[in-house]
Amino acid sequence: MPLVPCSLANPTMEFQNLESQLIDRFGRVHTSLRVSVTDACNIRCRYCMPESVEGFLPQNHLLSFPSITRLVSVLAQAGVNKVRLTGGEPLMRPKLWELVAQLAEIKGLRQIALTTNGMLLASQLDQFVRAGLTHINLSLDTLREPAFRQISRRDGLDRVLEGIQAAVESPLKVRINALLLRDINLDDCLPLIHYARKLGVVIRFIEFMPLDANRSWSQSQVVTGSEIRRLVEDEFGPLAPSDHSDPSQPAKDYLFQDRIGGIGFISPVSEPFCSSCNRLRLTADGKFRNCLFGREEWDVKSILEPSEGGSPCSDEAILAVAKKCVANKHASHGISETHFQPPERAMYQIGG
Ligand code: SAM
Ligand code: SF4
């Protein structure tokens with residue numbers, strides 16, 4: 001079997017069996033898996049969800065914790081070393097820390113991360129830390145309650161801030177994710193940065209992508225990374241590239257001159273980073289996706305959880321579905337192409 005020196009393909013392993021890796025047609029090695037555990041959410045961000053939802057996935061459509069754990073352990077043998085749990089709001093899935101504890105047993109995983117809106121975090125955080133969570137991203141778009149209500153169509157900023165405070169006091173590596181909409185919270189940019197710096201954490205700004213359920217996305221609402229960078233440099237002086245900036249990561253990270261906190265820009269709209277994308281996604285109902293914007297999905301739930309009388313699948317069968325999904329990945333997301341069509345499912349249904 002052909003072997004590839006890992007410094008070329010996957011820096012975390014010295015040598016990797018080429019045939020077992022998740023490599024696409026363009027040579028991108030997939031080492032990161034985003035697992036959505038639910039499409040349900042306790043708020044209704046206008047850039048993600050519709051104001052009212054007809055119904056979330058029923059419990060029996062969700063991939064079970066043992067199935068997710070099995071799937072991740074198969075992919076870990078194929079080079080996946082980072083898992084991020086997301087949703088919907090992942091903390092809406094009861095006892096999610098039990099899944100984290102199962103994932104923490106898997107050899108080869110270097111990171112078990114969670115992205116959350118923080119509303120339910122304060123009371124659950126200890127269980128996640130004990131279970132083996134390593135990283136947490138908290139979404140925060142404003143520090144003003146009226147703007148929070150306008151964006152999320154719900155109350156609860158105080159609960160989010162409580163969750164962030166608890167996370168900062170924990171041993172987890174914490175980051176804040178913010179999304180600016182030109183007409184609503186552009187003015188929150190600098191206050192959010194001051195807040196993150198006070199906590200000593202990195203804040204990342206992500207551009208608004210055409211993945212909202214309302215299909216109300218417009219370029220005019222997108223505040224680009226470079227625009228934010230100009231605002232930031234006017235206030236704080238020139239930014240320096242962070243020593244920890246990882247080329248396979250979507251964010252470009254920078255340091256402030258005083259090295260307090262840090263800032264990153266995730267700019268999929270104005271500066272696509274598809275050529276270094278190493279991510280594979282799993283939806284809450286057990287479908288692999290190779291891109292947020294992809295219009296195809298590869299079902300794995302039907303083989304992981306066969307209906308009564310069906311026989312359990314082999315690890316090879318799970319890997320084969322993942323490989324098929326990766327093999328069909330396009331070179332880029334194509335947002336700026338003339339005939340671009342957003343995917344049928346919105347962000348909360350895919351897993352951000
Ligand atoms: N509910 C959790 C949360 O909000 O952190 C996890 C899921 S949410 C889909 C993950 C991230 O996706 C959030 O940081 C959110 O801001 C981002 N997001 C949602 N819709 C988006 C969109 N249309 N464009 C860019 N980012 C979006
Ligand atoms: Fe819920 Fe997260 Fe979507 Fe907001 S961004 S509606 S918190 S899933």
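Please sort by residue number the GluC sites (Glu not before Pro) in segment 31-108 whose DSSP state is loop and whose Cβ has at most 12 other Cβ atoms within 10 Å.
Working: sites: 51, 54, 98, 105; in loops: 51, 54, 105.
Sparse-neighbourhood loop GluC sites (Glu not before Pro): 51, 54, 105.
When a/c is below 1.5 the answer is rounded, else prolate if a/b is larger than b/c, else oblate, so apply that to segment 301-352 with a ≥ b ≥ c taken from the square roots of the Cα gyration tensor eigenvalues.
Working: a/c = 3.77, a/b = 2.03, b/c = 1.86.
Verdict is prolate for segment 301-352.
Split the chain at each of the chymotrypsin sites (Phe, Trp or Tyr not before Pro) in a DSSP loop with at most 12 other beta carbon atoms within 10 Å, and the longest piece is 27-339.
For residue 339 and residue 77 in the same chain, what is the full-extension length gain: residue separation times 0.36 nm, less their Cα-Cα distance, in nm? Provide the component values of the computation, followed by the final result.
On the way: separation 262, 0.36 × 262 = 94.32 nm, distance 3.80 nm.
This chain segment gains 90.5 nm when fully extended.
Counting heavy atoms of the protein chains only and a 1.4 Å probe, report the per residue accessible area for the chain as a whole number of Å². Let's see the in-between values first.
Working: 15930 Å² over 352 residues.
Roughly 45 Å² per residue, with all protein chains present.
Is segment 185-264 rounded, prolate or oblate when judged by the Cα gyration tensor, a ≥ b ≥ c being the square roots of its eigenvalues, rounded requiring a/c under 1.5 and prolate requiring a/b larger than b/c? Prolate shape, in that a/c is at least 1.5 and a/b is the bigger ratio. Stretched out straight at 0.36 nm per residue, the stretch from residue 123 to residue 332 would grow longer than its current Cα-Cα span by 71.2 nm. The GluC sites (Glu not before Pro) of segment 162-237 that DSSP puts in a loop, and whose beta carbon has at most 15 other beta carbons within 10 Å, are 169.
Ligands, DNA and RNA left out, the 1.4 Å accessible surface of segment 43-90 is 49% carbon and sulfur atoms.
What net charge do the residues around residue 197 carry, taking every other residue with its C-beta under 14 Å from that of residue 197, with Lys and Arg at +1 and Asp and Glu at -1? Could you put the intermediate results ahead of the total?
Details: positive: 175, 198, 204, 259; negative: 235, 258.
Around residue 197, the surrounding residues sum to +2.
Within segment 195-260, the trypsin sites (Lys or Arg not before Pro) that combine a DSSP coil assignment with at most 16 other C-beta atoms in a 10 angstrom radius are 215, 259. Using a cut-off of 30 Å between Cα atoms, the listed pairs 107/173; 252/323; 173/301 include 173/301 as exceeding that distance.
For residue 235 and residue 165, what does the FRET efficiency come to when R0 = 35 Å and r is the distance between their Cβ atoms, rounded to the nearest 0.05?
Details: r = 24 Å, r/R0 = 0.69.
Computed FRET efficiency for residue 235 and residue 165 comes out at 0.90.
Computed 3J(HN,Hα) for segment 285-290, one whole-Hz value per residue from the Karplus formula 6.51 cos²θ - 1.76 cosθ + 1.60 where θ = phi - 60°, is 9, x, 10, 6, 10, 9, glycine and proline marked x.
Counting only protein heavy atoms and using a 1.4 Å probe, what share of the accessible area of segment 121-169 belongs to carbon plus sulfur, as a whole percent?
On the way: 1000 of 2190 Å².
The computed percentage sits at 46.
The values are calculated or read from the model by the stated rules, or taken from the named source; none is laboratory data. Just so you know, these numbers come straight off a predicted model, no measurement behind them. Ideal geometry is used to build each Cβ from the backbone, glycine not excepted, and the neighbour counts take in all protein chains shown. Just the protein is used for accessible areas: all its heavy atoms, side chains included, with ligands, DNA and RNA removed. Shrake-Rupley method; radii C 1.70, N 1.55, O 1.52, S 1.80 Å.
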